[in-house]
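Derivation of every value follows stated rules applied to the coordinates shown; laboratory data play no part. The model shown is predicted, which means the values in this text are computed figures rather than measured ones.
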């Protein structure tokens, strides 16, 4: 393959180039980390060596603590995300389809989605308590309103000719949302869920910041008090890995549920 063909806008490239480019960047980042941390350029209390992080993984993984905290965090994120998505998909479709719903909800939604999630943590503790419900509420609040706006935009992007054609073929107005608009907007909805799933993982530490007794965010805060930076790095890396797994899962799911939209 000629070099110039690699830089054609939206052009396809061989699978070996995709894998090679990704591996090259990861190797470069890891090599830089090894060199900087082992050379003492940054004190180890701020930047641990990869060996220290691997040692922490072996210690926490050996006695099962890492798995326990990982499962606790995954439960919080998945519950909050799925509850949010189950409500946001239908409401977002109605917002994007019916002007009256958009007029009623959009001012409130656009106001709330700019509020910092972390500022609501004390309120959620007062309103809900300090159990898993409070942590799920943080994930829900952080993703729901963003999902509404993006799903509504996906519904509005459906071409009116498609809707008019469905009327010609006998579709009732009460059926058009789920029989026409939803399938047409499905690729965009799946992209929205994939993006907001990433946001849900970023809110995890906020959700487990206060009054948590388990989870990756919890062990990060606990490690910070003891200056155990390697455990903080391990928790961050674990969250990143979980996020990557869910991202790839949504990529695969999109090709299954919407194979017509590459």
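Taken as Cα centroids, the range 37-66 and the range 96-148 sit 36 Å apart, rounded to the nearest whole angstrom. Ellipsoid fit via the Cα gyration tensor, the chain: semi-axes of 39, 28, 14 Å, each the root of five times an eigenvalue, largest first. Based on the alpha-carbon gyration tensor of the range 1-146 and its eigenvalue square roots a ≥ b ≥ c, which shape applies: rounded if a/c is under 1.5, prolate if not and a/b is larger than b/c, or oblate? Note, shape of the range 1-146 comes out oblate. Helix 99-112 and the long axis of the chain differ in direction by around 20°, with both axes built from C-alpha atoms.
Considering only the Cα atoms of the range 130-262, their convex hull presents on average a projected area of 10.0 nm².
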